[in-house]
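Engineer: Take this structure first; my questions come after.
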Amino acid sequence: MKVTALALDPIEKKPLARYKPGSMILSVGGLGCTMRCPWCQNHTIAQPEDPALVPVREMSIDELVEKARALVDEGNIGLAYTYNEPLVHWREVVECARAVHEARLDNVLVTNGLIAADKLEQLLPHIDAYNIDLKGFDQSVYDITGGKLETVKNTIERANENAHVEVTTLVIPGVNDDMEKFDEEATWLASVNPDIPLHLTRFFPQYRYADRPATPLETLHKAQEVASRHLNDVLLGNV
């Protein structure tokens, strides 16, 4: 596997607030993404201008599993596929996740959820917990990113049937901060599972949106209030 980042992180950093809290997880990042978000916070590895210039090291699946096992005494519970979009190399994730399970460790996937249904079905048996990025509850938001809302919704639904799921929405002024849409998003998530934790995180100027203002705190608090009418667990991040 091509590895750009490898670190032992608190599980809460994924963010996963309700999955084995207080534990640590070895987090691995690769290169590339299936979307092109202009606000990308990890654009140097997800959308590099020249991928050849990004420092990469090759690690075998066996090496990653052994590294994860070696860190168990430091609180590590497994391997998290994160930092860039792991599903850009979904087959490698499936193979690695299978090996991690054979080592009796957990697999965590931090993803934008853009994966074809047939590929998702091959992945589902091997992932224990997900944080899925829901960019907004309107296809117009996904038109900016090059994704499909219905595909992401399917990923959330199927993942919820098989594992622990948390959802994150980065709240961006003028892009996805309409309160009616937050109400629709939370209503739909509650129809899937009202106990799904929803993380509402604050946007800061970044990448091609470097000239945009940060999300006002009052917007985050209002979105939390709206979403909490339907969901039992709405958390604020980056405040």
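The values are calculated or read from the model by the stated rules, or taken from the named source; none is laboratory data. Here the structure is a predicted model, which means the values were calculated and not measured. Every residue, glycine among them, receives a Cβ derived from its backbone with ideal geometry; neighbour counts consider all protein chains shown. What goes into the accessible areas is simple: the full protein's heavy atoms, side chains included, and nothing from ligands, DNA or RNA. Shrake-Rupley method; radii C 1.70, N 1.55, O 1.52, S 1.80 Å.
Engineer: Taking the residues in the range 179-204 that are in contact with an Asp or Glu (Cβ under 8 Å, 6 or more places away or on another chain) and not basic (Lys, Arg) as candidates, determine which candidate is surrounded by the most Cβ atoms within 10 Å (Cβ to Cβ).
Structural biologist: Checking each candidate, the answer is Leu198.
Engineer: Let me ask something else about it. Pull out all pairs, ordered by first then second residue, where Cβ-Cβ is under 8 Å, the residues are six or more apart or on different chains, the first lies in the range 100-114 and is in contact (Cβ under 8 Å) with a residue 60 or more places away in the chain, and the second is open to solvent by 20 Å² or more (accessible area, probe 1.4 Å) and polar (S, T, N, Q).
Structural biologist: That search, which allows pairs on different chains as well, returns Asn112/Thr34; Leu114/Thr34; Leu114/Thr151.
Engineer: Look at the range 33-74 and say how many of its residues are surrounded by fewer than 18 Cβ atoms within 10 Å (Cβ to Cβ) and closer than 28 Å to Ala214 by Cβ.
Structural biologist: Qualifying residue count for the region: 7.
Engineer: Just the residues that are assigned to a loop (DSSP other than H, G, I, E, B), surrounded by fewer than 13 Cβ atoms within 10 Å (Cβ to Cβ) and out of contact with any helix residue (DSSP H, G or I) (no Cβ under 8 Å at 6 or more places or on another chain), please, taken from the range 205-239.
Structural biologist: Pro205, Ala210, Asp211, Pro213, Asn232 - these are the residues of the range 205-239 that are assigned to a loop (DSSP other than H, G, I, E, B), surrounded by fewer than 13 Cβ atoms within 10 Å (Cβ to Cβ) and out of contact with any helix residue (DSSP H, G or I) (no Cβ under 8 Å at 6 or more places or on another chain).
Engineer: Next up: Restricting attention to the range 144-160, report how many residues are over 14 Å from the mean Cα position of the chain (by Cα) and open to solvent by less than 30 Å² (accessible area, probe 1.4 Å).
Structural biologist: 3
Engineer: Now for a separate question. Could you grab me the full set of residues in the range 49-82 that are in a loop (DSSP other than H, G, I, E, B) and at pLDDT below 95?
Structural biologist: The answer is Glu49, Asp50, Val54, Pro55, Val56.
Engineer: Given the conditions (1) open to solvent by less than 50 Å² (accessible area, probe 1.4 Å); (2) over 22 Å from Val108 (Cβ atoms), which single one is not true for Thr169?
Structural biologist: (2)
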